[in-house]
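Reading through the structure tokens given below for one structure.
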Amino acid sequence: MLLGAPGSGKGTQGERLARRLDVPHISSGDLLRAEVRDGTALGTTARGYLDSGRLVPDDLVFDLVLPAVLAAAEAGGYLLDGFPRSVAQAVRADQLLTRSGAELQRVVFLSADDDLLAGRLLERAAAAGRSDDTAEVIADRLRVFERETRPLVEHYRARGMLREVAADQPVEEVTEAVLRAL
Ligand code: AP5
């Protein structure tokens, strides 16, 4: 699982690593954005959370992500990006995945400082423009990361599952560092 703040490169590395490891890249953010794009009931509920940078309620996220993880595990493995995103999600995911023999094996924390992260996201905002890439929502997403998601670093470190990789290197070097860490 790739763990990191917004802009740390989870999506970029997720795609590259999934190709190298030959497993599906399962991104909770991508799955949620697809639901919003398709105008499904789940997407309609999730939209306000995504646009404001708040975490989508756990039940919705589990309904969406868990079937994809279980199917991938059955077929040989998975690379998770953006899920679990809080200690509550991690505890619940751990119970459900262990029951199915699909438990997480390694967590890679992509570390970088806030100025670099915000800079990358503002650059993407200028180029592509995701609805949550405004200066105000980026600041909120970074705060949500600190409050809800950063505690997972210690959660997984205490379980001996965590590897840390500096995310402030060129894309190719981060990929190689993650592969070495794994
Ligand atoms: P999510 O889609 O997970 O977004 P995020 O965490 O905000 O992260 P980003 O996608 O912005 O950044 P990233 O780390 O993937 O970096 P990227 O590779 O794109 O979540 C979005 C929302 O969905 C959340 O706010 C929440 O509402 C909801 N959500 C998702 N999961 C949830 C869950 N489990 N529970 C509840 N709610 C959930 O790179 C960013 C930019 O930097 C790109 O332009 C890229 O080209 C560039 N870049 C990347 N790496 C490098 C590098 N090494 N050098 C230079 N530039 C780089």
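The values are calculated or read from the model by the stated rules, or taken from the named source; none is laboratory data. Note that the structure is predicted; figures quoted are calculated from it, not measured. As a convention, Cβ positions derive from the backbone with ideal geometry for all residues, glycine included, and neighbour counts pool all protein chains shown. Just so you know, the surface numbers come from the protein's heavy atoms only, side chains and all, with ligands and any DNA or RNA stripped out. Shrake-Rupley method; radii C 1.70, N 1.55, O 1.52, S 1.80 Å.
How big is the accessible area of GLU103 in square angstrom, nearest 10, if you roll a 1.4 angstrom probe over the protein chains?
Here the accessible area works out near 80 Å².
Give me the percent relative contact order of the range 103-172, please, defined on Cα pairs under 8 angstrom at least 6 residues apart.
Numbers: 47 pairs, mean separation 39.3, N = 70.
Relative contact order comes out at 56 percent.
Based on a Kirkwood Rh over C-alpha pairs, give the Stokes-Einstein translational diffusion coefficient of the range 29-133 at 20 °C and viscosity 1.002 mPa s in µm²/s. Could the numbers behind the result be given before it?
On the way: Rh = 15.4 Å.
Result for D is 139 µm²/s.
Out of PRO67, PRO24, PRO84, any idea which swings most in a Gaussian network model of the chain, alpha carbons joined below 10 Å?
Most flexible of the set in this elastic network: PRO67.
For Cα pairs less than 8 Å apart in space and 6+ apart in sequence, what is the mean separation divided by the residue count of the range 30-82, i.e. the relative contact order in percent? Intermediate results must be reported in sequence, preceding the final value.
On the way: 24 pairs, mean separation 12.8, N = 53.
Here the relative contact order equals 24 percent.
How far apart, in nm, are two points set 7 Å out from the Cα along the Cα-to-Cβ line at ALA41 and at ASP22?
For the pair ALA41/ASP22, the computed spacing is 4.0 nm.
Considering only DSSP states other than H, G, I, E and B, which trypsin sites (Lys or Arg not before Pro) in the range 54-142 qualify as loop sites with at most 16 other Cβ atoms within 10 Å? Don't jump to the answer; show the numbers that get you there.
Details: sites: ARG54, ARG85, ARG92, ARG99, ARG106, ARG120, ARG124, ARG130, ARG141; in loops: ARG54, ARG85, ARG106, ARG130.
Here the sparse-neighbourhood loop sites are ARG54, ARG106, ARG130.
Taking the dipole about the Cα centre of the chain, with the C-beta of Lys and Arg at +1 and of Asp and Glu at -1, give me whichever of ALA102, GLY39, PHE83 is farthest to the positive side.
Final value for the positive-end residue is ALA102.
Taking the simple approach of a point 7 Å from Cα along Cα-to-Cβ for both SER52 and ALA34, what is their distance in nm?
2.7
If you average the alpha carbon positions of the range 16-60 and of the range 125-143, how far apart do those two centres end up, in angstrom?
16
More than 27 Å apart: what percent of Cα pairs in the chain qualify?
22
How big is the charge dipole of the chain about its Cα centre, in debye rounded to the nearest 20, if each Lys and Arg gets +1 on its Cβ and each Asp and Glu gets -1 on its Cβ?
Using only the charged Cβ atoms, the result is roughly 320 debye.
Given a 10 angstrom Cα cut-off, can you work out which residue in ALA73, ALA126, ALA135 is the most mobile in a GNM of the chain?
Looking only at ALA73, ALA126, ALA135, the biggest GNM fluctuation is shown by ALA126.
Which residues among the range 1-36 fall inside the zone where the amide N is under 20 Å from a point 7 Å beyond the Cα of GLU123, along Cα→Cβ?
From the range 1-36, the list is 4-17.
In a Gaussian network model over the chain where Cα atoms closer than 10 Å are linked, find which of VAL69, VAL107, VAL171 has the largest mean-square fluctuation.
In the Gaussian network model the winner is VAL171.
What's the extension gain from SER131 to GLU164 if we count 0.36 nm per residue and subtract their Cα-Cα distance? The partial results should precede the final answer.
Values: separation 33, 0.36 × 33 = 11.88 nm, distance 2.93 nm.
Difference between extended and current length: 9.0 nm.
In percent, what relative contact order does the chain have, based on Cα pairs under 8 Å that are 6 or more apart in sequence?
Numbers: 235 pairs, mean separation 59.1, N = 182.
Result for the chain is 32 percent.
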